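Shown next, in structure tokens, is the structure this report addresses.
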Amino acid sequence: VLLKRRDLSQFTIDVGGERLIFSNVRPSHTFYRYWDLEEITLKTGKVRRLTKGERLRDPDFSPDGKSVVVVRQKTGASDLGLYDLKEKKFEAMPFQGPALQGAAEFNHPRWSPDGRFIAVSVHFRGQRDLWIVDPQGKHWRRLTDNVAIEDRPTWDPAGRFLYYSSDRDGISNLYRYDLGRKTT
């Protein structure tokens, strides 16, 4: 057991297997509770708080280990962005073009093995679909477009497929999206 008495969400382990970053709900400003990032060194078990009151959740280490992609919760929407581990700074990704203008909710972002893309579940205009985006947030591409809840994308080690959950058949099952063929 690494941690007890925590309200944990998604976690990520760095490529070297030395540290784990997770999101944890903590009190902030007397009456509020926000997601914040914490890091645990696996060898020593030492826990270090990375953010305070930032509302950051769903971390995933970049392949180079210099940053984590995270979701910042806002009222009625969220931002997808990168948290620089050295600078201790969050930067939201910009939305280019009309595709995601307005309130969107992001969940469970995941880096591709080569670091060129991030897969993310996007709840927008009554649908929850899978998208991929480059780390600068300039090029967004929608992968699925239906009324099913499509969530928790995970890349295969070669970066050719995305595995994800979807309730398109009335119950959540696992599916595989072929990025080369652009088919499920």
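The values are calculated or read from the model by the stated rules, or taken from the named source; none is laboratory data. Everything numeric in this text was worked out from a predicted model, so none of it was measured. Cβ placement follows ideal geometry from the backbone for every residue including glycine, while neighbour counts extend to all protein chains displayed. For accessibility, only protein heavy atoms count, side chains too; no ligands or nucleic acids. Shrake-Rupley method; radii C 1.70, N 1.55, O 1.52, S 1.80 Å.
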For region 12-26, 3J(HN,Hα) per residue [Karplus equation, 6.51 cos²θ - 1.76 cosθ + 1.60, θ = phi - 60°, Hz, x = Gly/Pro]: 9, 10, 5, 4, x, x, 9, 9, 10, 10, 9, 9, 9, 7, 9
Whole-number percent relative contact order across region 91-184, with pairs defined as alpha carbons under 8 Å at least 6 apart: 20
Positive dipole terminus of the chain, leading residue within LEU56, VAL15, GLY81 (C-beta point charges): LEU56
26 Å Cα-Cα threshold exceeded, pairs from LYS88/LYS182; LYS138/LYS182; LYS52/LYS138: LYS88/LYS182; LYS52/LYS138
Other-chain or far-sequence residues with amide H under 5 Å of TYR34's (modelled H): ARG26, SER28
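Given a 1.4 Å probe, how much area per residue of the chain is accessible, in Å²?
57
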Positive-end residue, region 113-184 charge dipole about Cα centroid, Cβ charges, pick of PRO153, HIS139, SER166: HIS139
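By how many nm would the segment from ASP145 to GLU18 lengthen if fully extended, with 0.36 nm per residue of separation less the alpha-carbon distance?
Values: separation 127, 0.36 × 127 = 45.72 nm, distance 3.80 nm.
This chain segment gains 41.9 nm when fully extended.
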Magnitude of the charge dipole, region 72-184, Cβ model with Lys/Arg +1 and Asp/Glu -1, debye to 20: 180
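What relative contact order, as a whole-number percentage, does the chain give when Cα pairs under 8 Å and 6 or more residues apart are counted? Please report the intermediate quantities before stating the final value.
Values: 451 pairs, mean separation 20.7, N = 184.
This gives 11 percent for the chain.
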Spherically averaged projected area of region 51-184 from its Cα convex hull (nm²): 8.3
Straight-distance crosslink candidates among lysines, where the alpha carbon sits under 19 Å from LYS43 and sequence neighbours closer than 8 are dropped: LYS4
Residues of type aspartates and glutamates that LYS86 reaches as a straight line, Cα spacing below 20 Å, ignoring anything fewer than 8 places off in the same chain: ASP14, GLU18, ASP36, GLU38, GLU39, GLU54, ASP58, ASP60, ASP64
